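Following: one structure in structure tokens, then a few remarks.
The values are calculated or read from the model by the stated rules, or taken from the named source; none is laboratory data. Source: prediction; values computed, not measured. In this analysis, Cβ positions are derived from the backbone assuming ideal geometry, glycine residues included, and neighbour counts consider all displayed protein chains.
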Amino acid sequence: ETGVTQSPTHLIKTRGQQVTLRCSSQSGHNTVSWYQQALGQGPQFIFQYYREEENGRGNFPPRFSGLQFPNYSSELNVNALELDDSALYLCASSLPDRYEQYFGPGTRLTVT
Amino acid sequence: GNSVTQMEGPVTLSEEAFLTINCTYTATGYPSLFWYVQYPGEGLQLLLKATKADDKGSNKGFEATYRKETTSFHLEKGSVQVSDSAVYFCALSDLIGSARQLTFGSGTQLTVLP
């Protein structure tokens, strides 16, 4: 059984640029969630995708957007990067009727 | 809104010591509760869960009991090992729209010394 994978592992961007992060869900999981984890803090929910539609969003601005593809993989896009966007971005997959989520290793984004 | 409060770290213990990490929550209704562990440079791993009051979750020697009366879900282990050194996160389930999402505490850093 393949776990959740994310790419790239690390990324350095300049303020104002745009970034795309990618995630492949665990085999059989059709729901993908994205979280932002700032240094020394717990993860914060960004949004969740199910059946290629966003079905819930946390307290993040519209410049954070996403996609889910028919194979359940997902992308997180962040426009107009700000210094405070520097964080570990975690993808998690799950079944739609279950609360437990399974996390990937994350993408470390640094904005300079 | 819903929230999770964890005991502040860092926590440093000697090998074979008893571990308790406190977690309390505020929530409407009866959420499912989780403990996740994060090893250095890695993502979060689900350690254990409990879905209703008085349920005990357990895994790898760790245990936590869902206490509705005290809104708590404290993590315990009878004898820690050096390999247990990590950051531990308590979390509760929540609904935003139709999304089942997790609300996390701020994490507790555990260091176990040989």
Query raised in the report: Only one of B:LYS52, B:LYS68 is within 26 Å of A:SER33 (Cα to Cα), more than 11 Å from chain A (Cβ to nearest Cβ) and charged (D, E, K, R); which?
Result: B:LYS52
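Specify which of the listed residues (B:GLY107, B:GLY97, B:GLY57) is within 11 Å of chain A (Cβ to nearest Cβ), in contact (Cβ under 8 Å) with a residue 60 or more places away in the chain and either crowded, with 16+ Cβ neighbours inside 10 Å or farther than 28 Å from B:PRO40 by Cβ (or both).
Among B:GLY107, B:GLY97, B:GLY57, only B:GLY107 is within 11 Å of chain A (Cβ to nearest Cβ), in contact (Cβ under 8 Å) with a residue 60 or more places away in the chain and either crowded, with 16+ Cβ neighbours inside 10 Å or farther than 28 Å from B:PRO40 by Cβ (or both).
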Query raised in the report: Just one of A:LEU95, A:LEU88, A:LEU83, A:LEU39 is touching a residue at least 40 places away in the same chain (Cβ under 8 Å), within 22 Å of B:SER3 (Cα to Cα) and over 11 Å from the mean Cα position of the chain (by Cα); which is it?
Result: A:LEU39
Query raised in the report: Of the residues B:GLU63, B:GLU42, B:GLU15, B:GLU76, which is in contact with a Pro (Cβ under 7 Å, 6 or more places away or on another chain), away from chain A (no Cβ under 14 Å) and surrounded by 13 or more Cβ atoms within 10 Å (Cβ to Cβ)?
Result: B:GLU15
Requested in this report: State all residues of region A:52-76 that are of a type outside the set (Gly, Ala, Ser), facing another protein chain (nearest Cβ under 8 Å) and either in contact (Cβ under 8 Å) with a residue 24 or more places away in the chain or in contact with a Gly (Cβ under 6 Å, 6 or more places away or on another chain) (or both); if no residue qualifies, say none.
Outcome: A:ASN55
Report task. Kindly indicate which of A:SER24, A:SER7 is surrounded by 15 or more Cβ atoms within 10 Å (Cβ to Cβ) and of a type in the set (Gly, Ala, Ser). Result -> A:SER24
Query raised in the report: Which one of A:TYR102, A:TYR49 is aromatic (Phe, Trp, Tyr), closer than 22 Å to B:THR103 by Cβ and in contact (Cβ under 8 Å) with a residue 40 or more places away in the chain?
Result: A:TYR102
Query raised in the report: Got a number for residues in region B:40-86 being assigned to a strand (DSSP E or B) and β-branched (Val, Ile, Thr)?
Result: 1
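Mind telling me which of the residues A:ASN30, A:ASN79 ends up being more than 11 Å from chain B (Cβ to nearest Cβ) and at pLDDT below 95? Even if it seems obvious, please write down each step before you answer.
Details: A:ASN79 fails: at pLDDT below 95.
Of A:ASN30, A:ASN79, the one residue that is more than 11 Å from chain B (Cβ to nearest Cβ) and at pLDDT below 95 is A:ASN30.
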